[in-house]
Amino acid sequence: MTALAPRVSVAIPVFNEADVLPELLRRLMGVLEGLPGGPHEVVFVDDGSSDATVSLLKAAAERDLRISIVALSRNFGHQAAITAALDHAHGDAVVVMDADLQDPPEAIPTLLAKLAEGFDVVYARRGERHEPWYLRACYYLFYRLIAVLSDTRLPLDAGDFAVLSRPVIEAMRSAPERHRYLRGLRSWVGFRQTGITVDRGTRVAGVSKYRPLKLLRLAFDGLFAFSTVPLRAAAVVGGVAVAGSLLFVAYAVYAKLVLDQSPQGFTALIVAIVFSLGVQLMFLGVIGEYVGRVYEEVKGRPHYVVREVIRHT
Ligand code: UDP
Ligand code: MG
């Protein structure tokens, strides 16, 4: 349990967000003013930005002692940046949010109020989304697919926007895995968790850093990190194929001995060969995916490299 008025850290990964930073700082700092307790802090992790993000952050950190900056040595990706932020946040409760104001800072007091009721994780369930319909459809399908396939119970439509208690952070930090799917890890650690509905707006400025391919990679990280169902699927599909071919053998014998004819069909032969070859290659790919991930884990490289830390406390 956290204290009634915990010291709050807000952890924000930023990658080329110069356009949105002034507005973010204005709204976020306004919200922090209104929070009881403190001193609160905001930990910005610069994920290798190449625009004015770092200089804007440094200027802000000079004016406001509550702002700390962790600058990474290059772009390590959203999830690694959040990991860095969690490692550098000192608060009793840590709010994880995006920089682009899709996660409204005004929801933070509500999240904290719920935490004070005795929860350890309060995540924002996406209410309305304002993205294009095809993206919404992808998100919808993905969250449901992974909920079905995963060994951990993952809440539907919950992103990274959440407030976490200190014990949860320490538990998440103790997981050394590389391909991090933090919203999954957050569920995996357990404790008392709940969600509240928060509308997810569109980006206030700048462009999304998740191109479709990157989004797909995050989806795969979630799937492969929290499920081994794809591996088992190979056995199921293989079993069905074997059963099918045994049935066909029985039919062939019957046709030969009783009907006195042999089954024909060059086309059927080609289809059968191409099908079984395709299935084999596909599952080789699935196995490769897991093997590749094992290789990445075994190398044990750090998740990110820090170039510079600026903090006043
Ligand atoms: N981000 C990051 N590193 C990356 C990509 C994104 O730190 O390689 C940050 C980005 O600055 C933002 C958050 O992660 O604060 C979410 O990114 P974005 O809004 O582009 O993703 P989307 O909301 O479109 O999924
Ligand atoms: Mg966004």
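Can you spot a residue in the stretch 134-151 that is crowded, with 19+ Cβ neighbours inside 10 Å and under 22 Å from LEU86 (Cα atoms)? Within the stretch 134-151, none of the residues are crowded, with 19+ Cβ neighbours inside 10 Å and under 22 Å from LEU86 (Cα atoms). The set of residues from the stretch 209-233 being touching a Leu at 6+ places or on another chain (Cβ under 9 Å) and of a type in the set (Gly, Ala, Ser) comprises ALA219, GLY222, ALA225, SER227. Inspection of the stretch 177-196 finds no residue satisfying the criterion of being among the hydrophobic types (A, V, I, L, M, F, W, C), touching a residue at least 40 places away in the same chain (Cβ under 8 Å) and under 27 Å from LEU284 (Cβ atoms). GLU131 falls short on exactly one of the conditions (1) open to solvent by 30 Å² or more (accessible area, probe 1.4 Å); (2) within 16 Å of ligand 1 (Cβ to nearest atom), and that condition is (1).
Taking the criterion of being over 21 Å from VAL207 (Cβ atoms), part of a loop (DSSP other than H, G, I, E, B), of a type outside the set (S, T, N, Q) and modelled with pLDDT under 80, the residues of the stretch 116-160 that qualify are ASP151, ARG153, LEU154, PRO155, LEU156, ASP157. Kindly check whether there is at least one residue in the stretch 163-170 that is open to solvent by 20 Å² or more (accessible area, probe 1.4 Å), within 15 Å of ligand 2 (Cβ to nearest atom), out of contact with any Cys (no Cβ under 9 Å at 6 or more places or on another chain) and modelled with pLDDT of 75 or more. Taking every residue of the stretch 163-170 in turn, none turns out to be open to solvent by 20 Å² or more (accessible area, probe 1.4 Å), within 15 Å of ligand 2 (Cβ to nearest atom), out of contact with any Cys (no Cβ under 9 Å at 6 or more places or on another chain) and modelled with pLDDT of 75 or more. Just checking, does the stretch 278-293 include any residue being of a type in the set (D, E, K, R) and open to solvent by less than 60 Å² (accessible area, probe 1.4 Å)? Looking through the stretch 278-293, at least one residue is of a type in the set (D, E, K, R) and open to solvent by less than 60 Å² (accessible area, probe 1.4 Å).
Within the stretch 31-55, residues that are within 12 Å of ligand 1 (Cβ to nearest atom) sit with their Cβ atoms under 7 Å from residues that are of a type in the set (S, T, N, Q) and open to solvent by 20 Å² or more (accessible area, probe 1.4 Å), at 6+ positions apart or across chains, in these pairs: ASP47/ASN75; GLY48/ASN75; SER49/ASN16; SER50/ASN16; ASP51/ASN16; THR53/ASN16. Of ARG293, ARG232, ARG217, ARG301, all but one fail to be assigned to a helix (DSSP H, G or I) and at pLDDT 85 or above; the exception is ARG293. Of GLY30, GLY37, all but one fail to be open to solvent by 20 Å² or more (accessible area, probe 1.4 Å) and in contact with a strand residue (DSSP E or B) (Cβ under 8 Å, 6 or more places away or on another chain); the exception is GLY37.
The values are calculated or read from the model by the stated rules, or taken from the named source; none is laboratory data. Given the structure is predicted, the values throughout are model-derived calculations rather than measurements. Note that we place each Cβ from the backbone using ideal geometry, even for glycine, and neighbour counts take in every protein chain shown. Heads up: the accessible areas ignore ligands, DNA and RNA and are worked out on the full protein's heavy atoms, side chains in. Shrake-Rupley method; radii C 1.70, N 1.55, O 1.52, S 1.80 Å.
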